[in-house]
2 protein chains.
Amino acid sequence: MARQAGAAVRVVDMGIAADLGELAASGKILSRRIGPGTQNMARGPAMSRDQAVAALEAGIDIARRAASAVDVFGTGDMGIGNTTPSSTIVAALSGAPVAEVTGHGTGIDDEQFARKVGVIEESLRINRPDAKDGLDVLAKVGGFEIGGIAGLILGAASLKRPVVVDGFISTAGALIAHALCPTAGQYMIAAHRSVEKGHRIALKILGKQPLIDLDLRLGEGTGAALAMNFLEAAVRVLTEVATFDEAMVSKAHA
Amino acid sequence: MARQAGAAVRVVDMGIAADLGELAASGKILSRRIGPGTQNMARGPAMSRDQAVAALEAGIDIARRAASAVDVFGTGDMGIGNTTPSSTIVAALSGAPVAEVTGHGTGIDDEQFARKVGVIEESLRINRPDAKDGLDVLAKVGGFEIGGIAGLILGAASLKRPVVVDGFISTAGALIAHALCPTAGQYMIAAHRSVEKGHRIALKILGKQPLIDLDLRLGEGTGAALAMNFLEAAVRVLTEVATFDEAMVSKAHA
């Protein structure tokens, strides 16, 4: 899908809790590991404040290194269980009840859903993330990949480049970026409407309407790739299409 | 937008009520004129049954001549006042009340809207189009361009090629095609959701969900061009993406 959109894909390991083995040496994955997975946020902070800063800086650095070759950035994620921190971030920053920002992820039953809500409520109770401090929210209830995405968005915005934000986890990253720097919101374009309930609330905070609503359940930047086609079309309309005046279209007579 | 989608544009004059002058000689427009505009359908049939057949055949012929170079067809229209016959076709084929399938076109006020509804009701009363006979509906309350679009869709379907149907007028053409040959519906893909009220009812008859909902008010095949990006992405997903088995993704353990 990226190939079809003319987009290059960079896969970044922000710190998965496993050994990448041969993949790590293959050069196919950019290693910006902050640590071997985050801590259990239901017991304490997911990461230290320094780690949160490092995750953000990794994303900013990736954006700035790619700047000369990139007109539009896009975000995506791959991770198991990361709708949980994403819902927690939305709850922390919106103040909405946890059950209203929590979805069924890749497919959990009602019992697992109740447990997920419980974990999120416990994480908020134990950590008390400060909604006025995006870094605090990221550190206490975020993830390394969410920090990296937030950093990429901040980096793109600092370069005045638009960034297509795709999916629920990326939107949680966008919320962190927005909390740290509200102006960055002006560079965000929402790609696909997620079926995750919290996505709608997150987009409302950001003031964004997603461009695509195709019942995808993919994430991984797929919606960003699709949306880039629209962006390119929009740019062409702005730059290549004659106005009525230029085309000498006759006006309606009053 | 077509260029961005890698699509070629063919503009066909199905019989506008004006002299094209130099444009006609320029070769930029394919002339398949059925006549110099249709008749006033509020006074009698818009065209003869023979003209309706000729309009359909022109569209079929265009599809078949383009077949060797085209994987996916798209439709669009340009015309003044052609939401009126389109709404009339939807009313005739759906049985829905005229006011429910009539919109505000390119922007008419409430008085003009009431007049539009009146014209459509009068056209239905005078012509009594037979909902079981798509040709009768096209001849009595259609337009040459709607017949051409219906023909293009039938031609594409006969070639087993998908056709992206964009906008309200094209969807009226698709309804005619569907009335003549329900199987043709299987080759139709709905592009952009029109703001015209009748579009929803027309899509319901066809059993289609549009791929795009961007509040465009363009028609002219623009949504078809946008949707072709999605089609290409979908084909790439089907042909280039590894399955979990092929990629040896580990399964969840029960």
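Side notes on the structure shown:
- Equivalent ellipsoid dimensions for the protein assembly as shown as semi-axes, Å, which come from the Cα gyration tensor, largest first: 51, 23, 21
- Three-way shape label, region A:190-241, alpha-carbon gyration tensor, a/c 1.5: oblate
- Backbone N under 17 Å from the A:ILE126 label point (7 Å along Cα→Cβ), restricted to region A:134-150: A:137-144
- For region B:1-40, the solvent-accessible area works out to 70 Å² per residue, with a probe of 1.4 Å and every protein chain left in place.
- Mean projected area of the convex hull spanned by the Cα atoms of region B:33-129, taken over all viewing directions: 7.5 nm².
- Between 0 and 90°, nearest 10: helix A:49-66 axis offset from chain A longest Cα axis: 30
- Between the amide H of A:GLY15 and those of A:ILE34, distances stay under 5 Å, these residues lying 5 or more places away or on another chain, with hydrogens modeled in the peptide plane.
- Using alpha-carbon coordinates, inclination of helix A:83-94 to the longest axis of chain A, degrees: 80
- Nearest 10 degrees, 0 to 90: helix B:110-127 Cα axis against chain B principal axis: 80
- Histogram of C-alpha separations across region A:3-46, 5 Å bin width, %: 6, 18, 21, 18, 12, 12, 8, 4, 1
- When the other protein chains are added to the chain by itself, burial of at least 20 square angstrom of heavy-atom accessible area (probe 1.4 Å, ligands and nucleic acids ignored) affects these residues of region A:1-35: A:MET1, A:ARG3, A:GLN4.
- Interface size A-B, as summed buried accessible area [1.4 Å probe, Å², nearest 100]: 1400
- A cut-off under 15 angstrom between Cβ atoms defines the neighbours of A:ILE201, and their net charge, with Lys, Arg +1 and Asp, Glu -1, is +3.
- The heavy atoms of B:LEU30 offer some 70 square angstrom of accessible surface to a 1.4 angstrom probe.
- Cβ-derived FRET efficiency at R0 25 Å, A:GLU100 paired with A:CYS181, nearest 0.05: 0.40
- Amide H to amide H, with H built 1.01 Å from N, A:LEU214 comes under 5 Å of A:ARG193, counting only residues 5 or more places away or on other chains.
- Chain B, relative contact order [Cα under 8 Å, separation at least 6], %: 23
- Size descriptor, Kirkwood hydrodynamic radius, that averages inverse alpha-carbon separations across chain A, Å: 18.8
- Exposure rank, largest accessible area first [B:LYS208, B:LYS116, A:LYS160, A:LYS132; 1.4 Å]: A:LYS132, A:LYS160, B:LYS208, B:LYS116
- More than 20 Å apart - percent of Cα-Cα pairs taken over region A:121-254: 52
- Remark: spin-label model distance B:LEU218-B:ALA69 equals 2.3 nm, labels positioned 7 Å along the Cα→Cβ axis.
- Whole-Hz ³J(HN,Hα) from phi, Karplus 6.51 cos²θ - 1.76 cosθ + 1.60, for region A:20-30, glycine and proline x: 6, x, 4, 4, 4, 7, 6, x, 7, 10, 7
- Student exercise, region B:1-83 dipole from Lys, Arg, Asp, Glu Cβ charges, in Debye to nearest 20: 60
- Simple label model, 7 Å out from Cα along Cβ direction - A:GLU246 to B:GLU22, nm: 1.9
- In this Cβ point-charge picture (+1 for Lys and Arg, -1 for Asp and Glu), region B:8-155 has a dipole of about 320 debye about its Cα centre.
- Per residue, the convex hull spanned by the Cα atoms of region A:149-225 amounts to 73 cubic angstrom.
- A P(r) calculated from all alpha carbon pairs of region A:56-108, with 5 Å bins opening at zero, reads 4, 15, 18, 16, 15, 14, 12, 6, 1 percent.
- Within the accessible surface of the protein assembly as shown, defined with a 1.4 Å probe on protein heavy atoms only, the carbon and sulfur portion equals 54 percent.
- Amide H partners (placed H, <5 Å) of B:VAL164, local residues excluded: B:PHE73, B:GLY74, B:THR75, B:ILE189
- Mean accessible surface per residue for region B:90-244, computed with a 1.4 Å probe while every protein chain stays in place, in Å²: 44
- Value of Rg to Rh for region B:77-163 (Rh from inverse mean 1/r over Cα pairs, i.e. Kirkwood): 1.01
- Listed cross-link partners A:LYS208/B:LYS208; B:LYS116/B:LYS197; A:LYS28/A:LYS208; A:LYS140/A:LYS204 are compared with a 25 Å cut-off, the Cα-Cα value being larger for A:LYS208/B:LYS208; A:LYS28/A:LYS208.
- Tensor-based shape of region A:11-78 (alpha-carbon gyration tensor, a/c under 1.5 rounded, otherwise prolate or oblate): oblate
The values are calculated or read from the model by the stated rules, or taken from the named source; none is laboratory data. Just so you know, these numbers come straight off a predicted model, no measurement behind them. Cβ sites come from the backbone with ideal geometry, for glycine too, and all protein chains shown count toward neighbours. These accessible areas exclude ligands, DNA and RNA; they are computed on the full protein's heavy atoms, side chains included. Shrake-Rupley method; radii C 1.70, N 1.55, O 1.52, S 1.80 Å.
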